[in-house]
Amino acid sequence: MVDPRASVINERLKRVGRIIAVSSGKGGVGKSLVATTLALTLARRGCKVGLFDLDFTSPSTHLIMGVKNVQPKEDK
């Protein structure tokens with residue numbers, strides 16, 4: 001059986017030129033801070049940037065960016 005999510009992901013990423021993954025095998029080492037700083041730096045240099053925080057247990061990108069009163073929303 002083919003997972004239908006794969007085609008949705010491929011379609012959404014079709015126009016993405018580069019992906020930079022920030023990862024670690026340990027928590028609490030500053031991955032979100034590094035990823036956020038990298039995204040902001042690239043954006044200030046004129047790059048089109050998207051930031052996807054895939055932290056299931058304690059996402060913090062919204063805190064680093066100062067976003068308030070926003071709840072995560074899941075779609076499909």
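The values are calculated or read from the model by the stated rules, or taken from the named source; none is laboratory data. Computed from a prediction, not measured in an experiment: that's the story for all the values here. Here Cβ is always computed from backbone atoms with ideal geometry, including for glycine, and neighbour counts include all displayed protein chains. Ligands, DNA and RNA are excluded from the accessible area calculation, which covers all protein heavy atoms including side chains. Shrake-Rupley method; radii C 1.70, N 1.55, O 1.52, S 1.80 Å.
Worth pointing out:
- The set of residues in segment 63-76 being part of a loop (DSSP other than H, G, I, E, B) and open to solvent by 70 Å² or more (accessible area, probe 1.4 Å) consists of MET65, LYS68, ASN69, VAL70, GLN71, PRO72, LYS73, GLU74, ASP75, LYS76.
- Taken over segment 5-39, the criterion of being closer than 21 Å to LYS73 by Cα and part of a loop (DSSP other than H, G, I, E, B) is satisfied by LEU13 alone.
- Remark: ILE9 falls outside the filter, which requires a residue to be over 20 Å from GLY66 (Cβ atoms), among the aliphatic types (A, V, I, L, M) and modelled with pLDDT of 90 or more.
- Options VAL8, VAL16; residue that is over 15 Å from the mean Cα position of the chain (by Cα) and not charged (D, E, K, R): VAL8
- Considering residues of segment 27-58 that are over 20 Å from GLY17 (Cα atoms) and among the β-branched types (Val, Ile, Thr) only, the residue modelled with the highest pLDDT: VAL34
- Tabulated pairs, segment 21-36, first under 14 Å from THR61 (Cβ atoms), second surrounded by fewer than 12 Cβ atoms within 10 Å (Cβ to Cβ) and of a type outside the set (A, V, I, L, M, F, W, C), C-beta under 7 angstrom, 6+ apart or interchain: LYS31/SER23; LYS31/SER24
- Members of segment 40-62 that are part of a loop (DSSP other than H, G, I, E, B) and charged (D, E, K, R): ARG45, LYS48, ASP53, ASP55
- The number of residues in segment 38-67 that are β-branched (Val, Ile, Thr) and within 12 Å of the chain's Cα centre (by Cα) comes to 2.
- Members of segment 14-31 found to be closer than 19 Å to CYS47 by Cβ and open to solvent by less than 80 Å² (accessible area, probe 1.4 Å), listed by number: VAL16, GLY17, VAL22
- Residue in segment 45-58 that is basic (Lys, Arg) and loosely packed, with under 10 Cβ neighbours inside 10 Å present: yes
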